[in-house]
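The values are calculated or read from the model by the stated rules, or taken from the named source; none is laboratory data. All of these numbers come straight from a predicted model, not from anything done at the bench. Because the Cβ atoms are built from the backbone with ideal geometry, glycine has one as well, and the counts that use them run over all protein chains shown.
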């Protein structure tokens with residue numbers, strides 16, 4: 001008989017293995033249950049009267065106390081009421097699961113690559129309560145390193161190779177620190193925000209190239225409520241606009257390559 005065996009069929013190692021399996025299954029069920037705190041029950045594409053919940057069941061409500069002093073209760077009855085948007089898209093065919101086709105300006109429809117989340121319409125703050133992302137004109141103690149070229153004053157060129165405006169200021173993340181956005185002054189005099197990850201610098205020609213949208217489409221970039229700060233909701237909307245342009249800026253982009 002083996003050492004540690006209870007009977008001729010069970011031993012300590014086998015029991016420990018079964019206990020681990022039960023524990024691991026419990027962890028998976030717990031995590032799967034907790035990730036249903038937002039967005040559930042789902043809506044069925046077949047009928048608005050069908051609610052998709054699945055296993056395990058939606059958990060009981062829990063109150064989350066945020067650092068800002070606000071409280072959020074999740075889940076809430078009936079799903080997630082914070083997202084109050086209407087769907088600006090239609091199904092490409094009556095078959096369930098068909099791709100959505102944007103309605104109106106596809107880059108502002110909030111679907112596909114241009115989708116965004118209804119985050120809080122408040123700035124992301126640092127521990128001391130000050131806004132995290134601000135322009136250099138507000139960020140005391142921040143400047144462009146002398147070893148690097150200063151993008152301010154450079155032309156911003158759209159995907160049609162035409163100049164849309166010039167870089168007016170740089171928006172920095174004071175916690176990283178790094179440049180998050182470029183502030184572009186358009187020919188119309190309006191200033192818009194350009195995520196730096198959608199730009200490519202051509203230092204030799206003094207240009208900032210933006211492939212995702214055309215020069216004429218900069219005027220429709222979502223505006224800021226405050227010229228010296230950006231909210232989390234504004235960040236999502238602005239980034240989604242440029243991301244939507246990668247597919248919807250021209251009709252040809254939404255067509256297949258072959």
- Looking only at segment 169-191, and only at residues there that are touching a strand residue (DSSP E or B) at 6+ places or on another chain (Cβ under 9 Å) and over 24 Å from residue 130 (Cβ atoms), the one that is surrounded by the most Cβ atoms within 10 Å (Cβ to Cβ): 184
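With the condition kept exactly as written, say whether any residue in segment 188-195 is more than 19 Å from the chain's Cα centre (by Cα) and not in a loop (DSSP other than H, G, I, E, B).
yes
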- Considering only segment 149-163, state which residues are under 17 Å from residue 245 (Cβ atoms) and assigned to a loop (DSSP other than H, G, I, E, B). 158, 159, 160, 161, 162
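Given the condition under 22 Å from residue 246 (Cβ atoms) and within 26 Å of the chain's Cα centre (by Cα), answer yes or no: does some residue in segment 133-148 qualify?
No, every residue in segment 133-148 fails to be under 22 Å from residue 246 (Cβ atoms) and within 26 Å of the chain's Cα centre (by Cα).
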- Do any residues in segment 38-63 that are at positive phi have Cβ atoms under 7 Å from those of residues that are in a loop (DSSP other than H, G, I, E, B), where the two are at least six apart or on different chains, and which pairs are they? 39/80
- When residue 69 is run through (1) surrounded by 13 or more Cβ atoms within 10 Å (Cβ to Cβ); (2) without any contact (Cβ under 8 Å) to a residue 40 or more places away in the chain, the failure sits at (1)
- Note on segment 1-36: residues touching a strand residue (DSSP E or B) at 6+ places or on another chain (Cβ under 7 Å) and either modelled with pLDDT of 85 or more or exposed (fewer than 11 other Cβ atoms within 10 Å of the Cβ) (or both) are 2
- Only residues that are under 22 Å from residue 138 (Cα atoms) and buried (at least 16 other Cβ atoms within 10 Å of the Cβ): list them for segment 192-233, please. 192, 193, 194, 195, 196, 222, 224, 229, 230, 231, 232, 233
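Does residue 149 satisfy the criteria of being in contact (Cβ under 8 Å) with a residue 12 or more places away in the chain, in contact with a helix residue (DSSP H, G or I) (Cβ under 8 Å, 6 or more places away or on another chain) and surrounded by 17 or more Cβ atoms within 10 Å (Cβ to Cβ)?
So residue 149 fails the test.
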- Subset of segment 196-218 [more than 24 Å from the chain's Cα centre (by Cα) and part of a loop (DSSP other than H, G, I, E, B)]: 206
- Task: Among the residues of segment 164-187, count how many are in contact (Cβ under 8 Å) with a residue 40 or more places away in the chain, under 16 Å from residue 230 (Cα atoms) and in a strand (DSSP E or B).
- Result: 5
- Query: Which residues, counting only those in segment 42-77, are over 30 Å from residue 127 (Cβ atoms) and either part of a helix (DSSP H, G or I) or at pLDDT 80 or above (or both)?
  - Reply: 52, 53, 54, 55, 56, 57, 58, 59, 60
- Would it be correct to say that residue 103 is surrounded by 12 or more Cβ atoms within 10 Å (Cβ to Cβ), more than 15 Å from the chain's Cα centre (by Cα) and under 30 Å from residue 47 (Cβ atoms)? yes
